1. With the requirement that a residue be modelled with pLDDT of 85 or more and open to solvent by less than 60 Å² (accessible area, probe 1.4 Å), what does the range 167-194 give you?
2. Counting just the residues of the range 1-28 that are outside any helix (DSSP H, G or I) and surrounded by 10 or more Cβ atoms within 10 Å (Cβ to Cβ), which one comes out modelled with the lowest pLDDT?
3. Here are some residues: Leu246, Leu256, Leu218. Which one is open to solvent by 40 Å² or more (accessible area, probe 1.4 Å), free of Cβ contacts under 8 Å to residues at least 60 places away in the same chain and not acidic (Asp, Glu)?
4. Is it the case, given these coordinates, that Ser164 is modelled with pLDDT of 75 or more and open to solvent by 20 Å² or more (accessible area, probe 1.4 Å)?
5. Considering only the range 81-100, I want to know if a residue exists there that is at pLDDT below 80 and more than 30 Å from Pro130 (Cα to Cα).
6. Report yes if Ala291 is farther than 30 Å from Thr333 by Cβ, touching a residue at least 60 places away in the same chain (Cβ under 8 Å), open to solvent by 40 Å² or more (accessible area, probe 1.4 Å) and more than 34 Å from the chain's Cα centre (by Cα), otherwise no.
7. Can you confirm whether Trp206 is part of a strand (DSSP E or B) and under 18 Å from the mean Cα position of the chain (by Cα)?
Amino acid sequence: MTFLAPYWLFAASAILIPIAIHLWNKQQGKTVKVGSLRWLEPSASKRWSSIKLNDVWLLMLRCLILILLAVALAQPVWVHQPKVEGQKAIYVGPELLYSSARASIQSMLDSLLQRGYTLHSYTSEFKQIPPKAWEQLKSHTQDSTLSNQSNYWSLMPALAERYSNPQDSVWLFTSDQQAYFTGTRPEALPENIRWIPVATTTTADWLQAAVKTAPDSLLLLVGHSTREGITYSPYRTSASAQSINLSENQSLKLRLKGDSILASTGNTSSQVKIQAEPLQVAILASKSQQAEVKYLRAALQAISSYTGQPINFKTDTADADWLFWLQEEELPTSIKQTVSRGQNVWVQQGAKSSGLKASMATAAGNEVLVHQVSTGNNAADATAIWTTQASDALLSAQQIGSGRLYTFRSGFGPAWSELGRAGNSPSCYYHCFSHRQKQPGMICER
């Protein structure tokens with residue numbers, strides 16, 4: 001309750017008037033002194049004991065009337081505090097939204113949506129999925145091969161801050177695959193967030209790259225995804241082949257479409273452009289980074305040897321598919337503009353090894369020690385590709401137009417890291433050059 005005219009409450013002090021009148025307006029009885037008592041003076045206690053309250057209930061009634069009058073003049077009003085309703089949201093990992101694994105949680109999602117929850121994708125952008133888009137997803141039966149680079153443990157602090165009120169209610173559904181959980185696990189999960197891991201056993205095969213090795217020969221690199229990780233396998237076939245056998249019960253159907261090839265298996269299809277010309281790579285390095293150049297060239301040559309795709313090294317940036325910037329200076333604006341037109345640029349500005357030590361895990365289960373550059377911040381919309389055990393972005397990619405800008409905060413040489421001696425180094429390097437970005441520490445099989 002509040003008062004519109006609280007100054008009228010001072011009028012309640014008028015209760016002093018009836019109290020004073022009640023104390024002083026009393027009928028005093030006549031005292032007749034007899035005999036020698038007439039010569040005695042009354043004591044102080046006797047005088048004060050003559051002050052007595054009579055008609056107490058009448059006094060309280062008069063005071064109450066004045067108090068009620070003062071309160072009425074102050075214009076009291078009742079203010080009802082609106083009940084605070086928390087946000088209600090559902091977050092689902094893309095690997096569940098766009099695959100057949102969605103069927104196991106679809107009924108639960110529909111039930112929560114009917115109760116007023118909103119649907120979001122559990123990525124760094126936390127994008128909301130409109131009801132119309134959700135209905136389209138439910139009618140989609142084909143599995144989609146996605147480049148999800150999210151580390152679900154690292155996303156949890158941002159999600160908890162987004163729904164920090166105790167009244168908020170969040171349901172989180174993600175895959176239980178280890179590939180989505182790297183770095184440090186959050187110490188405690190907020191009570192208003194229910195995290196439900198979903199076991200997925202879905203596998204997927206897709207055509208990753210196609211290289212023309214002869215007028216009538218192709219080298220196909222096929223990706224295979226399981227719960228344990230992602231592997232790549234090369235297949236050599238003729239350009240006129242209509243299919244290749246991946247296993248006893250699985251085949252990949254092929255169809256040429258101009259300078260591209262369409263591959264399909266089961267409910268999954270992918271189309272890639274046939275690489276007929278050597279990949280043009282330019283390396284611009286300062287004198288202090290010359291030692292790092294030989295390790296970078298060795299990594300690129302390993303990719304060329306494994307995939308069969310020829311790589312041509314050049315000293316100028318004209319018509320380069322890839323540009324490696326190993327300079328201490330910031331990337332010039334003129335080069336940044338070429339990224340939006342389709343060029344891929346790798347920025348590696350560390351001149352010498354930093355004292356900041358870190359480690360990163362690979363798909364083989366071992367740890368690789370690295371020295372990480374402590375300066376420089378990644379763009380807000382950059383996606384982490386390689387992360388340390390502390391969830392720091394070691395290698396990140398930013399999509400700019402039709403090209404990508406990569407930022408590497410370490411190096412390949414022994415003064416920087418053990419990446420050059422890692423058992424699965426070619427696969428680690430290769431996935432950066434593919435059209436679809438995959439998880440860190442990929443494995444390639446011959």
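1. Pass one, the range 167-194, residues modelled with pLDDT of 85 or more: 167-175, 190-194.
Scanning the range 167-194 gives Asp168, Ser169, Val170, Trp171, Leu172, Phe173, Thr174, Ser175, Pro190, Asn192, Ile193.
2. Restricting to residues being outside any helix (DSSP H, G or I) and surrounded by 10 or more Cβ atoms within 10 Å (Cβ to Cβ), the top hit is Lys26.
3. Details: Leu246 fails: open to solvent by 40 Å² or more (accessible area, probe 1.4 Å); Leu218 fails: open to solvent by 40 Å² or more (accessible area, probe 1.4 Å).
Checking each option against the conditions leaves just Leu256.
4. Values: modelled with pLDDT of 75 or more: yes; open to solvent by 20 Å² or more (accessible area, probe 1.4 Å): yes.
For Ser164, the condition - modelled with pLDDT of 75 or more and open to solvent by 20 Å² or more (accessible area, probe 1.4 Å) - is met.
5. Yes; the residues of the range 81-100 include at least one that is at pLDDT below 80 and more than 30 Å from Pro130 (Cα to Cα).
6. Values: farther than 30 Å from Thr333 by Cβ: no; touching a residue at least 60 places away in the same chain (Cβ under 8 Å): yes; open to solvent by 40 Å² or more (accessible area, probe 1.4 Å): yes; more than 34 Å from the chain's Cα centre (by Cα): yes.
No: the conditions fail for Ala291.
7. On the way: part of a strand (DSSP E or B): yes; under 18 Å from the mean Cα position of the chain (by Cα): no.
Answer is no for this residue.
The rows are residues; the columns are (1) within 18 Å of Tyr152 (Cβ to Cβ); (2) touching a strand residue (DSSP E or B) at 6+ places or on another chain (Cβ under 7 Å).
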site	(1), (2)
Ser99	yes, no
Ile105	yes, yes
Gln114	no, no
Tyr117	no, yes
Thr123	yes, no
Lys127	yes, yes
Pro130	no, no
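The values are calculated or read from the model by the stated rules, or taken from the named source; none is laboratory data. Please read these numbers as outputs of a predicted model, since none were measured by experiment. Here Cβ is always computed from backbone atoms with ideal geometry, including for glycine, and neighbour counts include all displayed protein chains. When the accessible area is computed, the model is the full protein with side chains, heavy atoms only, and any ligands, DNA or RNA have been set aside. Shrake-Rupley method; radii C 1.70, N 1.55, O 1.52, S 1.80 Å.
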